[in-house]
Protein chains: 2
Amino acid sequence: MGRTPPHPEVSEFGLQQVLEALVDPVRRSIVTQLDASDADIKCGDFDIPVSKSTATHHFNVLREAGLIRQYYVGTARMNTLRRDEMDQAFPGLLAALTTPQARAAQPLAG
Amino acid sequence: MGRTPPHPEVSEFGLQQVLEALVDPVRRSIVTQLDASDADIKCGDFDIPVSKSTATHHFNVLREAGLIRQYYVGTARMNTLRRDEMDQAFPGLLAALTTPQARAAQPLAG
């Protein structure tokens, strides 16, 4: 458990930081893939066209903005969308980015 | 009427371009000021902490993304929020950015 990275509380979520996280198409793809999945997703299992180290950067940005929660299962780093907490901070924002229209406008998978 | 600048059709709105427009706090402030106003607003009448030429750039970015419509009344360039058209393209997005929570998180006026 000591390896669990730090996560902001809902009260610490900032709209500017959240939007800066979501403006990147790779990060938005990670969010929409999590939104569409019934289960949490391992870092290595996302369909994103970037190197592992670049992906790690994107996961960090999402985690620091409050969009995802990360935890370990063995050596796998798992990712959960913090949907309820994000809805509490900024109602409707995640929903607006995962509508059929928004997903169709998504240039990347997810 | 020849001075009316070009505006994209709804079918041309792009989520990436819209988010890049909205990630800037000055531009988001212009949008929230229009959202909160009963009337259209002249370019010179917004409460934004930037020079006139910088403001003009921000208005252009918003117009090209489809977020605002600009038209002249005499020498005044007026601005309207394209709320219905944006809702058609990306339902809920403008609403999510103008909730009380989002407005409270807005660093600038509006």
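Here are the numbers:
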read-out: Those helices (runs of 4 or more DSSP H) lying entirely in the range A:1-104 with at least 1 residues within 11 Å of another protein chain (Cβ to nearest Cβ); value: A:15-22, A:25-36, A:83-89, A:93-97, A:100-104
read-out: Residue satisfying condition, being of a type in the set (A, V, I, L, M, F, W, C) and surrounded by fewer than 18 Cβ atoms within 10 Å (Cβ to Cβ), within set A:Val26, A:Val73, A:Val61, A:Val18; value: A:Val73
read-out: Residues of the range A:65-78 satisfying the condition of being farther than 17 Å from A:Val18 by Cα and touching a residue at least 40 places away in the same chain (Cβ under 8 Å); value: A:Tyr71, A:Tyr72
read-out: Options B:Leu81, B:Leu93, B:Leu34: the member that is over 10 Å from the mean Cα position of the chain (by Cα) and at pLDDT 95 or above; value: B:Leu93
read-out: Checking A:Glu12 against (1) modelled with pLDDT of 95 or more; (2) in contact with a Ser or Thr (Cβ under 9 Å, 6 or more places away or on another chain), the condition it does not meet; value: (2)
read-out: Selection from the range B:79-101 of residues that are touching a residue at least 12 places away in the same chain (Cβ under 8 Å) and either crowded, with 20+ Cβ neighbours inside 10 Å or not charged (D, E, K, R) (or both); value: B:Asn79, B:Thr80, B:Leu81, B:Arg82, B:Met86, B:Gln88, B:Ala89, B:Phe90, B:Leu93, B:Leu94, B:Leu97, B:Thr98
read-out: Candidates A:Leu62, A:Leu19 - the one that is free of Cβ contacts under 8 Å to residues at least 12 places away in the same chain and within 13 Å of the chain's Cα centre (by Cα); value: A:Leu19
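The values are calculated or read from the model by the stated rules, or taken from the named source; none is laboratory data. Everything numeric here is computed off the predicted structure, so don't read it as measured data. Note that we place each Cβ from the backbone using ideal geometry, even for glycine, and neighbour counts take in every protein chain shown.
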